[in-house]
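Let me begin by presenting the structure, written as structure tokens, before commenting on it.
The values are calculated or read from the model by the stated rules, or taken from the named source; none is laboratory data. As the structure is a prediction and not an experimental result, all values here were calculated from the model. When we count neighbours, we look across all protein chains shown, and the Cβ atoms used for this are built from the backbone with ideal geometry, even at glycine. Please note that ligands, DNA and RNA were not included when accessible areas were found on the heavy atoms of the full protein model with its side chains. Shrake-Rupley method; radii C 1.70, N 1.55, O 1.52, S 1.80 Å.
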Amino acid sequence: MNLPTASRLQFTPDLNICRILNGMWQVSGGHGRIDPKAAIQAMFKYMDAGFTTWDLADHYGPAEDLIGEFRRQLTATRGKEALSNLQAFTKWVPRPGKMTKKLVEENINISLKRMDVESLDLMQFHWWEYQDKNYLDALKYMTELQTEGKIKHLALTNFDTEHLKIITEAGIKIVSNQVQFSLVDRRPEVNMIQFCQQHDIKLFTYGTVCGGLLSEKYLGKPEPRGSELATVSLRKYKNMVDGWGGWQLFQELVAILKEIADKHQVSISNVAVRYILDQPSVGGVIVGARLGVSEHIEDNAKVFSLSLDDDDRDRINAVSRQSRDLYQLIGDCGDEYRR
Ligand SMILES: NC(=O)c1ccc[n+]([C@@H]2O[C@H](COP(=O)([O-])OP(=O)(O)OC[C@H]3O[C@@H](n4cnc5c(N)ncnc54)[C@H](OP(=O)(O)O)[C@@H]3O)[C@@H](O)[C@H]2O)c1
């Protein structure tokens with residue numbers, strides 16, 4: 001399979017990425033048992049299909065080690081040049097507290113070693129407590145590490161618009177912010193997108209298929225109980241659905257998505273991903289991959305040949321208007337991590 005050129009984004013001068021990123025939270029436990037051998041085999045499959053960009057984090061179980069092993073196997077079987085088409089975006093999620101250059105560098109070094117790279121493509125920084133201003137020191141030290149060549153680009157995850165502004169005003173160059181964004185959770189539309197547009201910051205979105213809830217599997221189905229939701233991801237987004245408007249409204253949304261999907265001969269997930277990919281500032285949608293357990297490579301490839309029309313968007317927005325306002329309920333992007 002070869003993805004069309006529309007699947008690619010020149011994200012930074014040196015990073016050309018696939019606009020559907022493979023999410024590796026799904027290897028961290030709580031999403032089914034991952035066999036490292038089968039996971040690496042699956043990674044080859046994603047790469048060969050054109051899904052060359054990976055989203056991971058220091059705390060996603062073996063994710064960084066899998067990237068390291070995958071790089072070694074790629075080199076061994078296809079030569080060093082094969083690495084040039086692989087992009088791996090990690091995160092650092094430290095405990096709040098005093099940040100020193102030594103502490104920051106030690107943690108970056110761990111990711112470099114695990115991923116077997118000389119420089120991190122993208123470091124997406126997370127911070128748990130805004131009252132603790134040490135996040136600015138951490139970012140300042142990471143900027144130094146960027147100058148020294150250990151990090152190619154600096155990014156954030158789950159920062160709200162207010163703090164993204166504080167960081168940019170401090171003169172720190174941020175290329176992207178990773179946030180939850182889906183047809184259920186549309187909070188980025190309130191403030192985040194506009195700020196990102198003004199400051200040339202891309203959004204990478206997660207939760208866009210709601211752990212798989214936005215698919216045929218849940219069309220016309222009774223409300224699942226907690227024990228019927230097999231992954232942490234499904235349980236996370238079922239909670240979102242409950243806050244957003246509940247199962248009945250969700251069924252209305254899925255039914256509309258199914259009609260749109262049938263019209264374009266694609267899947268419900270395709271429509272859900274395409275809608276978000278088309279929003280301003282969105283650089284890519286991260287779709288979780290249970291490596292070696294399940295995959296949707298062929299189906300997700302169809303996103304790149306799908307274009308939604310005004311009528312499709314109007315029908316989706318008509319359902320969204322009936323939902324509760326998650327911005328009022330939860331706050332801006334990432335606030336769900338800081339309550
Ligand atoms: N920064 C953060 O705080 C944060 C938080 C959450 C996630 N993330 C990132 O985002 C990634 C995505 O995670 P997520 O939890 O948001 O999950 P998600 O992408 O909303 O859901 C992933 C699941 O959706 C199902 N799926 C994918 N494509 C499908 C298709 N075409 N048709 C039907 N089902 C499909 C699969 O379920 P089955 O495997 O059951 O088939 C897959 O495991 C994570 O791996 C991580 O990289 C970041």
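Structure above, values below:
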{"item": "Strands (runs of 3 or more DSSP E) within the stretch 1-118 that include 1 or more residues small (Gly, Ala, Ser)", "result": "20-23, 87-92"}
{"item": "Residues (under 29 Å from VAL266 (Cβ atoms) and either buried (at least 19 other Cβ atoms within 10 Å of the Cβ) or in contact with a Leu (Cβ under 7 Å, 6 or more places away or on another chain) (or both)) located in the stretch 321-339", "result": "GLN322, SER323, LEU326, CYS333"}
{"item": "Residue ID - least open to solvent (accessible area, probe 1.4 Å), chosen from residues in the stretch 108-153 that are over 17 Å from ASN177 (Cβ atoms) and among the β-branched types (Val, Ile, Thr)", "result": "ILE108"}
{"item": "Residues of the stretch 36-50 classified as over 18 Å from GLY61 (Cβ atoms) and aliphatic (A, V, I, L, M), total", "result": "2"}
{"item": "Test: residue in the stretch 87-106 that is more than 18 Å from PHE125 (Cα to Cα) and touching a strand residue (DSSP E or B) at 6+ places or on another chain (Cβ under 8 Å)", "result": "no"}
{"item": "Some residue of the stretch 19-34 being open to solvent by less than 20 Å² (accessible area, probe 1.4 Å) and out of contact with any Gly (no Cβ under 9 Å at 6 or more places or on another chain)", "result": "no"}
{"item": "Subset of the stretch 94-119 that is more than 14 Å from ASP58 (Cα to Cα) and hydroxyl-bearing (Ser, Thr, Tyr) - its residue that is nearest to the chain's Cα centre (by Cα)", "result": "SER119"}
{"item": "Some residue of the stretch 277-285 being surrounded by 13 or more Cβ atoms within 10 Å (Cβ to Cβ) and more than 16 Å from the chain's Cα centre (by Cα)", "result": "no"}
{"item": "Residue check, ILE316 open to solvent by 10 Å² or more (accessible area, probe 1.4 Å), touching a residue at least 12 places away in the same chain (Cβ under 8 Å) and out of contact with any Pro (no Cβ under 9 Å at 6 or more places or on another chain)", "result": "no"}
{"item": "Residue pairs meeting the criteria (Cβ under 8 Å; at least 6 apart or on separate chains; first open to solvent by 20 Å² or more (accessible area, probe 1.4 Å), in the stretch 39-61; second of a type in the set (Phe, Trp, Tyr))", "result": "PHE44/PHE70; ASP58/TRP92; TYR60/TRP25"}
{"item": "Top-ranked residue in the stretch 26-51 [being touching a strand residue (DSSP E or B) at 6+ places or on another chain (Cβ under 6 Å) and closer than 18 Å to ASP65 by Cα; ranked as farthest from the ligand (Cβ to nearest atom)]", "result": "TYR46"}
{"item": "Listing of helices (runs of 4 or more DSSP H) fully contained in the stretch 162-277 that carry 3 or more residues being within 11 Å of the ligand (Cβ to nearest atom) and closer than 22 Å to ALA318 by Cβ", "result": "268-277"}
